[in-house]
Amino acid sequence: MRLSSYGAGTQSSGRVQLELAASLAVEGRDVLVVEDIVDSGLSARFLLAHCTEQGAASVSLAALLLRDIPAGSAPQPDYVGIRIPDGFVVGYGLDDGGLYRNWPDIRTLP
């Protein structure tokens, strides 16, 4: 699946847009949702609810990056790669309106 809440900006729009839907059946299966970054929690909440509504036996959340945000404002991943401070990050597949996605490392934009 591919979701977006940022569009071309560096601030979340507050709405999750489903850009590419998965065609896999999750009913009765254990599902691991893998996110590149969890910050506002909008996309993570959307995916967790979607899998649960589709009848998944269980749903876990993994995140490469977890932004340092106040507790309770986003679902807490079951598995975390790196905790990062607040700031907009790009590189290694993360982009700013389509730019910087191909950088080989993750950087914070000024």
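Run ALA56 past the list (1) surrounded by 11 or more Cβ atoms within 10 Å (Cβ to Cβ); (2) more than 25 Å from ARG29 (Cβ to Cβ) and report the number of the one that doesn't hold.
(2)
Out of the stretch 65-110, which residues are in contact (Cβ under 8 Å) with a residue 60 or more places away in the chain and of a type in the set (Asp, Glu)? Let's see the steps before the verdict.
Step one: list which residues in the stretch 65-110 are in contact (Cβ under 8 Å) with a residue 60 or more places away in the chain, which gives 88, 96-98, 109.
ASP96 - this is the single residue of the stretch 65-110 that is in contact (Cβ under 8 Å) with a residue 60 or more places away in the chain and of a type in the set (Asp, Glu).
When the residues of the stretch 59-110 are filtered to those that are outside any loop (DSSP other than H, G, I, E, B) and among the small types (Gly, Ala, Ser), which remaining residue is most open to solvent (accessible area, probe 1.4 Å)?
Start the filter on the stretch 59-110 by keeping residues that are outside any loop (DSSP other than H, G, I, E, B), which leaves 59-67, 79-84, 89-91, 94, 96, 99, 107-108.
Those still in the list that are among the small types (Gly, Ala, Ser) too: 60, 62-63, 81, 91.
Working: SER60: 34, ALA62: 16, ALA63: 7, GLY81: 55, GLY91: 0 Å².
For the stretch 59-110, the residue satisfying everything is GLY81.
Of everything in the stretch 20-45 that's exposed (fewer than 12 other Cβ atoms within 10 Å of the Cβ) and not in a loop (DSSP other than H, G, I, E, B), which residue is modelled with the highest pLDDT?
Applying the first criterion (exposed (fewer than 12 other Cβ atoms within 10 Å of the Cβ)) to the stretch 20-45 yields 20-21, 23-25, 27-28, 30.
Add one more test, that the residue is not in a loop (DSSP other than H, G, I, E, B), and what stays is 20, 30.
On the way: LEU20: 50, ASP30: 97.
Selected residue: ASP30.
The values are calculated or read from the model by the stated rules, or taken from the named source; none is laboratory data. In this text the structure is predicted, and so the values were computed from the model without any measurement. Positions of Cβ are generated from backbone atoms using ideal geometry, with glycine treated the same way; all protein chains shown enter the neighbour counts. Side chains included, ligands, DNA and RNA excluded: accessible areas come from the protein's heavy atoms. Shrake-Rupley method; radii C 1.70, N 1.55, O 1.52, S 1.80 Å.
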